[in-house]
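The block underneath contains the structure these notes are about, expressed in structure tokens.
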Amino acid sequence: MLIVEKTEELRGTVNAPPSKSYTHRAVICASLGDGISKIVNPLNSEDCLSSVNGCMSLGAMIDIESDTWIVEGNYNSPKTPDNVIDVKNSGTTLRILTGISSQIPKGYAILTGDESIRRRPMGPLLDALNQLGIEAFSSKMNGTAPVIVKGGKIENNVVRIRGDVSSQFITSLMMTLPFSQEDSEIVLTTPLKSAPYLDITIDVIERFGIKIIKDDEKYGKFLVYGNQRYKSCNYTVEGDYSSASYIIAAGVLINSKIIIKNLFKNSKQGDRRIVDILREMGADIKVKENRIIVEGPYHLEGISIDVKDIPDLVPTIAILGCFARGRTEIYNGEHVRFKECDRLHACAVELRKMGGEIREKPDGLVIEGVGKLKGTKLNTYGDHRLVMAFTVAGLLAEGKTVIEGEESVKVSFPDFISVMRSLGANLVVK
């Protein structure tokens, strides 16, 4: 468990961890490529290593012994796995490789993961693959993993899928449909949530030679050209705004001078909105071309925030709302309930233990700023983002905060505890 005590000051310069979203997509694209790719500055986390292992099961050769991963692709010919593909806790790996594994030459691919993964929805993606003529189904026949995918050719060129459960379903189709002999259309049947993740997908796969066109800014339809091939390339992974949000939030709330490097001003990551959100709340955060400077503390005012495209920021915003003056409202976040856990419910329950005033709604949270929290024992439901967000709360709380399940940070930010300690955070692992 992690013991967090009140911290009066944070100082220092740190690097943001590499982006999890970019690392997943880059290594999967490279694993399909015609030759050898180099992934520079990848995130060496448990989630991303799940993608590495899954790609190797499908025929790629990957050397991860250094800060640059060397990937020899399977030359656009995924191989039939010798064993079940275990994605552990990585929803991104499960969703993308379910699509990719449909292109094996014969037989079946079976994908599963931990208890959390086996509860997460897969039905819309399985239905979409079946529309394309691919046999794909849940072994439990309830739309959750384990999933079984039979290798086969893509037979239809229009697929309809809802956009409000997970953008990862659409990413999976985007990365699979280039194998079709014909051009394909992905048509969304409901408004899209988490749109920036599709911008990341398009950004990465274009570097590996794949062309996709979105119809307009509404993200209602995508054209994927057929008979394309993934090419090899050298790819450098940028820093992760989702993971950096915890450092930024701590700096905003505590007496600080923090420089966070490897965060790019024009990144396509939706979670760079954390800067705009905090500025709207009253924090004067400085943004340079490739770094962010935070000199707190700031007196924050509560605001209303649409989290449709930024679900991973919800735990961070919930903490900020507890310390802001007035009301902070998080809305348009029904899909936040389908992450590693129901993050809306978990934030409400656990932060109320600390003295927070939080009301849960079907699509969000209403947080009345209380200005202070008290230390207590918190459950993180095996969710890496809750561990990091609750750590920030603990740095400001009166007394000790005991956070269970701190090992889950390995999923996205393995060095989180050491990075926070380097800035002066009062943290002890027991």
Flag if Val71 is in the same structural domain as Ala30 (by TED's automatic domain parsing) and crowded, with 17+ Cβ neighbours inside 10 Å: yes
Looking at segment 283-346, what strands (runs of 3 or more DSSP E) fall wholly within it and have at least 1 residues that are at pLDDT 95 or above and closer than 23 Å to Ser412 by Cα? 291-294
Hey, does segment 256-273 have a residue that's farther than 24 Å from Tyr197 by Cα and part of a helix (DSSP H, G or I)? no
Of the residues Ile200, Ile248, Ile210, which single one is of a type outside the set (Gly, Ala, Ser), in contact with a Ser or Thr (Cβ under 9 Å, 6 or more places away or on another chain), assigned by TED's automatic domain parsing to the domain that holds Asn156 and crowded, with 19+ Cβ neighbours inside 10 Å? Ile200
For Leu2, all conditions in the list (1) more than 30 Å from Gly226 (Cβ to Cβ); (2) of a type in the set (A, V, I, L, M, F, W, C); (3) free of Cβ contacts under 8 Å to residues at least 40 places away in the same chain hold save one; what is the number of the exception? (3)
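Yes/no matrix, rows are residues, columns are (1) farther than 13 Å from Gly54 by Cβ; (2) out of contact with any helix residue (DSSP H, G or I) (no Cβ under 9 Å at 6 or more places or on another chain):
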position	(1), (2)
Lys79	no, no
Lys88	no, no
Ile96	no, no
Thr112	no, no
Leu126	yes, no
Asn130	yes, yes
The condition from (1) more than 16 Å from the chain's Cα centre (by Cα); (2) part of a loop (DSSP other than H, G, I, E, B); (3) in the same structural domain as Ser172 (by TED's automatic domain parsing) that Thr7 misses is numbered (3)
Test Asn130 against the criterion of being more than 27 Å from Arg273 (Cα to Cα) and without any contact (Cβ under 8 Å) to a residue 40 or more places away in the chain, and give yes or no. yes
Pull up segment 373-389, narrow it to residues that are outside any helix (DSSP H, G or I) and of a type in the set (Val, Ile, Thr), then point me to the one that is nearest to Arg118 (Cα to Cα). Thr380
Sort out which residues of segment 129-148 are part of a loop (DSSP other than H, G, I, E, B) and farther than 17 Å from Arg162 by Cα, and write them in order of number. Gly133, Ile134, Glu135, Ser139, Lys140, Met141, Asn142, Ala145, Pro146
All positions within segment 160-185 that are free of Cβ contacts under 8 Å to residues at least 40 places away in the same chain and crowded, with 24+ Cβ neighbours inside 10 Å: Ser167
Please state which one of Phe222, Phe208 is touching a helix residue (DSSP H, G or I) at 6+ places or on another chain (Cβ under 6 Å), aromatic (Phe, Trp, Tyr) and modelled with pLDDT of 95 or more. Phe208
Only one of Ile260, Ile205, Ile274 is buried (at least 17 other Cβ atoms within 10 Å of the Cβ), closer than 30 Å to Lys410 by Cβ and outside the structural domain of Ile317 (by TED's automatic domain parsing), namely Ile205
Residue check, Gly59 under 28 Å from Val237 (Cβ atoms), small (Gly, Ala, Ser) and crowded, with 22+ Cβ neighbours inside 10 Å: no
Examine segment 20-32 for a residue that is without any contact (Cβ under 8 Å) to a residue 60 or more places away in the chain and of a type in the set (Ser, Thr, Tyr), and state whether such a residue exists. yes
Here the residues within segment 279-296 that are surrounded by 18 or more Cβ atoms within 10 Å (Cβ to Cβ) and under 30 Å from Lys361 (Cα atoms) are Met281, Ala283
Hey, any hits in segment 386-400 for a residue that's surrounded by fewer than 20 Cβ atoms within 10 Å (Cβ to Cβ), among the β-branched types (Val, Ile, Thr) and in contact (Cβ under 8 Å) with a residue 12 or more places away in the chain? no
Just for segment 297-340: of the residues that are within 18 Å of the chain's Cα centre (by Cα) and of a type in the set (A, V, I, L, M), which one is surrounded by the fewest Cβ atoms within 10 Å (Cβ to Cβ)? Val314
Looking at Asn76, Asn15, can you tell me which residue is in contact (Cβ under 8 Å) with a residue 60 or more places away in the chain, polar (S, T, N, Q) and within 27 Å of Ala425 (Cα to Cα)? Asn15
If Val409 passes every condition in (1) surrounded by fewer than 16 Cβ atoms within 10 Å (Cβ to Cβ); (2) touching a residue at least 24 places away in the same chain (Cβ under 8 Å) but one, which one does it miss? (1)
Over segment 137-166, the set of residues in contact with a strand residue (DSSP E or B) (Cβ under 7 Å, 6 or more places away or on another chain), over 25 Å from Pro311 (Cβ atoms) and hydrophobic (A, V, I, L, M, F, W, C) is Phe137, Ile148, Val149, Val158
Pick out the one residue from Val409, Val370, Val392, Val402 that is modelled with pLDDT of 95 or more and assigned to a loop (DSSP other than H, G, I, E, B). Val370
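The values are calculated or read from the model by the stated rules, or taken from the named source; none is laboratory data. All figures in this text were calculated on a predicted structure; none of them were measured in a lab. Counting neighbours? That spans all protein chains shown, and the Cβs are built from the backbone with ideal geometry, glycine included.
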